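Taking it in order: structure first as structure tokens, then the write-up.
Taken together, the values in this text are just the output of simple stated rules run on the coordinates, not laboratory data. None of the values given here were measured: they were computed from a predicted structure. Cβ placement follows ideal geometry from the backbone for every residue including glycine, while neighbour counts extend to all protein chains displayed.
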Amino acid sequence: MKFCTFIECITNLILIMISQIKLLNIRNLLILLTFFCFAGCNDEPTGGINDSSTPTASMTLAESFGSASNSDFMGRVVDLQNNPVSGATVQIGNSTIDTDMNGVFIIRDAQVYEKFAYVKVEKAGFLNGSRSVVPTAGINQVQIMLLPQTVTQTVNSGIAATVSLSNGAAVDLSGAYSNADGSDYTGDVQVTLHLLNPTDDDMQQQMPGMLLAENLQNEARMLETLGMVAVELRSDTGEKLNLSEGTTATISVPLDPETLAGAPNEIPLWYFDEENGYWIEEGSATLQGTNYVGTVSHFSFWNCDIPAEYINICMNITNSNNTPLSNIKVDIESEFNGTRYGITNDSGEVCGIIPANQTLNLQYFLYNICNNLEIPNSSETVGPFSEDTTLEIVLDAPEIEDYLETITGVFNTCDGDAVVNGYVQGKIEDGQWFYSLVTDGVFEINVLSCNENASISITGYDYETLQTTSEINYTLTSPETDLGTLSACDSVEEFIQFSIDDGEVEQIVFNVSCTTYQSDFSGLYRLDIGGSNQNTCIYLSGFLSDNYVNFEGAYEYENVWNTNTPSAGMTFVECQDISYENNQIIFNLTAYGNAIGEYIDINFGGDYEDYQGVAHTISGVIHVKRDN
């Protein structure tokens, strides 16, 4: 059986498109991937005990959280269609911020506990969302999928009614309701009802908190969910309502066939405490046919769960060269509490809760790439663990080394200063998104890609200046790709940027031109790009191969000795002291707009000699609009 994880991870990744798309300074650029939760290894893991404050039968939930601490968070809030939700209010401890137009939020030095952090989200038109996590030492990244506040049915006060969904979820209401201050409410009642199925891959993003709970004896427990429902009542003017004091309602939670087998005849009910961020036991439900049916006295998220003792676990996942491995998925199957999974973050970290005193079977996969390839010969057994544990894991598999890509770069403001409060994001052509916080202008990430020459797109956003880059296209140069310098320039729509011998970045944002035409001499389509500022100029010319007409992916062009060479290739002419001798500059055409005003993207780099025979290196980016 497959049950919902309570080891939280961000999914896949995070979108960061900015509405103003005016551009920037960019030499080459790096970005960090994000996605994390829990990962695995081929080698025998070694466990270390952090401390002995593991929840026991006599320890309350709050006592298990450890000391006050501070952590950094980056996350994304989305709707059911995975679209970003902007303007959502996010709170962690005493820190509050709204999501940007990409649904992204960043909160630094949030007040949390060593072993517990609670992220709350509110947005008009949605039920309140949240995520509880065991904080990692690195950046904590979360994704929260909000459930819409769609009215399932409108009922009347004073009249008993049943509200149901086509999937079998239902709530029986007596007709007695109260306002937030406890006074009686009369009038129409708008009922919102959602079922959360543990076999749904999105459930862990939709459910509040994590599967951490306090039982009737005030003891800390982890939960194995068999299903949950969310019920919200509102007046016809939008005020939140609840059941009148002393009255009850009956909820019916249908079980998926995967969870029905072996389900107990009676199971505890748990409601989510929105104030504290965990579940609290209250009442029970009985199995009637294929549904759990129970009585509740108020509304929130209600959960049908089997409790178990737990411990906190963290894993630090690296390869044999001590490089952190991100985006590795580990399935964790316990003896009695089903299967859960987690995904490593960009620091190779993942923390969460697992059943105590149970043997765990681990399997490792490449997450959301290469058809979720299982890493061969990686299955292993660990535990049982009776205390909080940290595993230092080395994943030494050829498949990992073959797909590992390191991307580095710099993110600056338009004035050339290091971005201190922003992020960069990218997407690899296989669909994998990656992103990272930027605090000192420098970023590095290790990603996994099935294609060593994959195309990637990059976008950056500076929170301090509220400026952004546009989306720029690059090509991975395996195993390491230096994307150079990305600059956020709000008012710039096209640019040419380059650096010689890793020196100061030259940026041309004015007097930029891009013309295309068919050459009478060669019959090939010619591309001429130029630009200048007060200090320098650059001029690129070349012939395109025939496949530019139906452009897909990226095309690599070598340097040609001059523009009269009747073959595909590119070269720099005029302006720069770049000779044709020993010239190894490579040009990657990664986007070719089919119409006037659409973008042409080229990144270039390599070794060359100047006209005095002195060796140099050059790297740069061209992001220009077609003029004809």
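Pop a pseudo-label 7 angstrom from the Cα along the beta-carbon direction at both GLN288 and GLU335 and give the gap in nm to one decimal.
3.6
So for the pair TYR517, ASN167, with labels modelled 7 Å out along Cα→Cβ, what separation do we get in nm?
Those two pseudo-labels are separated by 6.1 nm.
I want to check the label-to-label distance for SER297 and ASN371. Put each point 7 Å from Cα in the C-beta direction and report it in nm to one decimal.
5.5
Once you have the Cα-Cα distance between GLU452 and GLU266, take 0.36 nm times their residue separation minus that, and quote the gain in nm to one decimal.
61.6 nm
If R0 is 35 Å, what FRET efficiency do you get for GLU63 and VAL420 from their C-beta distance, rounded to 0.05?
With R0 = 35 Å, the Cβ-Cβ based efficiency is 0.40.
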